[in-house]
Every structure is written in C-alpha cells, then in structure tokens.
Amino acid sequence: MQIIMLQVGWYAGGVYAEAPTENLMVEATGAWLQAVGEGSMESISPSLSKKARVWVEGQTRFNDNFNHWYQGMVRTAVGYSLSDRATIWAGYTWLPTQNLKFGTQHNGPYVAQQDVWPAFRYVLPTDYGNFMFRTMWETNFGLGQQVRERPRQMIKYTLPIGFDNKLSFITWDEVFVRVNNTDWGGRSGFDQNRGFAGFGWTFNSNVRTELGYMNQYLDDANHRNNYMYHLAMASVFVNF
C-alpha cells in the first residue's frame with residue numbers, strides 16, 4: 001500500500017503544503033479515538049435551564065499504519081433544546097497537529113487550527129431506526145490571517161438489532177465543502193467526505209460506545225490529488 005504523508009498541516013482538511021503535483025490517489029491507514037460528553041446544564045447547577053445544553057469532546061488520531069500520533073481535537077459548545085428533537089449549538093474547536101515530513105518518518109512542524117461554529121441538530125425517530133441530521137458551519141483560523149469558511153453536513157442512521165436494543169447497527173456520512181480560497185486551506189469546492197459503518201452498544205441510559213470503520217476521502221489544496229484513509233474508529237458517549 002502506498003503511503004504519502006503531507007509535510008505541513010493536517011490531512012483532515014487543512015494545510016496541504018508540499019503535496020505531490022501529479023494526479024494521484026493516495027491511501028493509508030490509521031485510527032481515531034473519541035470521547036464525547038453531553039448533557040443538560042441543569043445537572044451542573046439547578047439554577048440553570050433544563051433546556052440549556054453543554055457539549056465537550058476530545059479526540060486523538062493516529063496515521064502511518066497506527067504508528068504515529070498526528071492530531072488531537074478538543075471541542076466544546078453550549079446549546080439550547082428547541083424541542084426534544086431539535087438543538088442549536090455554538091462552539092469552538094482546537095486541532096493541534098504534527099504530521100510526518102513528506103517522504104520521511106520524521107515529525108514536521110507543529111501547527112494548530114482553531115474553529116468557531118454554529119450548528120443545528122435534528123433527531124428523527126422512525127419505525128425503521130433513528131436518523132440524526134447535523135449541520136455545522138465552521139469558520140477556520142489556520143496559518144496567517146486568512147479565514148476559511150467550511151460548512152459540513154452529517155446524516156447518521158442507528159438501527160437497534162438485538163439484546164434488548166442494546167446492540168445497534170450504525171452508519172453515517174459527513175461531507176465538507178470549502179466556501180472560499182485560502183493559501184493554507186486550499187481552493188474553494190469539495191473538501192472531504194467521511195463515511196462510517198459499525199456497531200454500537202448501550203450500557204445504560206448514560207453510557208454507550210461505537211466501534212467501526214471510517215473511510216475518509218479528501219481533495220488536496222488544488223483539487224489535483226485525492227487521499228483515502230482507512231481508519232478504525234472507537235467512540236464513547238456519556239450523557240448527563
């Protein structure tokens with residue numbers, strides 16, 4: 001399997017310096033680990049509204065066939081439940097990154113992207129499983145003073161399949177689009193797509209896990225080369 005790492009930035013959709021100039025499809029493997037906590041602010045302080053929400057999340061990401069840590073993620077947000085199905089959010093994300101130098105096994109320069117974003121989430125239960133729709137509009141701050149606008153849309157499907165509905169089949173897809181051109185974040189247009197398929201296990205009303213395969217497909221800065229990452233993904237979700 002051919003493995004090509006970028007020298008600068010993060011291949012999850014940020015900086016693409018010193019990438020190959022010819023048209024290529026590059027493939028590699030890795031893993032993402034995720035922990036998410038979400039709950040009512042009333043559980044933090046009884047004086048706060050039950051409809052006020054808080055969301056905290058951390059991720060760690062490995063590439064180079066699981067051998068190299070290249071990125072972390074810290075995300076936090078506050079939200080408000082419009083109904084039992086719809087929630088609006090306003091949040092912040094920090095992405096510290098250290099990829100491998102192009103063509104080597106040595107660390108490249110450290111960079112960090114920061115995002116601020118609003119989001120809207122809608123949950124739709126049906127007789128055939130549950131659907132979740134999440135729309136997020138990121139304003140990305142990267143290298144220098146340029147700001148990139150990048151909306152992203154996720155659709156998630158969960159189907160309970162046994163063990164008193166503790167076991168579920170889960171699949172989701174999320175597409176990212178660059179609205180404007182930036183030197184560090186690439187030309188406008190399609191950015192990346194993430195697709196996941198796996199299984200979830202609900203331990204109780206407060207804790208559940210998901211484990212599966214994620215395919216991440218990206219365009220480079222100039223839409224000349226494509227990157228496909230085959231990733232193992234494990235997640236823990238805590239409700240409070």
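What follows draws every value from the coordinates through simple rules; no lab data is involved. Fair warning: this is a prediction, and the values are worked out from it, not measured in the lab. Cβ atoms come from the backbone with ideal geometry, glycine included; neighbour counts cover every protein chain shown.
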*Just the number, please: percent antiparallel of the DSSP beta bridges in the range 25-239, rounded to the nearest 5.*
90 percent
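Work out the length of the dipole vector of the range 25-239 about its Cα centre, built from +1 on the beta-carbon of each Lys and Arg and -1 on the beta-carbon of each Asp and Glu, and round it to the nearest 20 debye. All intermediate terms of the calculation are to be shown ahead of the outcome.
Details: 19 positive and 18 negative charges, 55 e Å.
Roughly 260 debye, rounded to the nearest 20.
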*Excluding residues on the same chain fewer than 8 positions from residue 166, give the aspartates and glutamates whose Cα lies under 14 Å from its Cα.*
210
*Can you tell which of 24, 119, 68 lies farthest toward the positive end of the dipole of the chain, using +1 and -1 charges on the Cβ of basic and acidic side chains (Lys, Arg; Asp, Glu)?*
119
*Which ³J(HN,Hα) values, rounded to whole Hz and listed in residue order, are derived for the range 231-240 from phi using the Karplus coefficients 6.51, -1.76 and 1.60 in 6.51 cos²θ - 1.76 cosθ + 1.60 with θ = phi - 60°, glycine and proline given as x?*
10, 7, 10, 10, 9, 10, 10, 10, 9, 9
_Residue (of 233, 151, 218) at the positive-pole extreme of the chain, dipole from beta-carbon charges_ = 151
*Along its principal axes, what span do the Cα atoms of the range 117-240 show, with the longest given first and each in whole Å?*
52, 28, 24
*asked:* Charges on Cβ only, +1 for Lys and Arg, -1 for Asp and Glu, centred on the Cα centroid of the chain; of 98, 172, 43, which one is farthest towards the dipole's positive end?
replied: 43
*What is the Rg over Rh value, at two decimals, for the chain, using alpha-carbon atoms and the Kirkwood definition of Rh?*
0.98
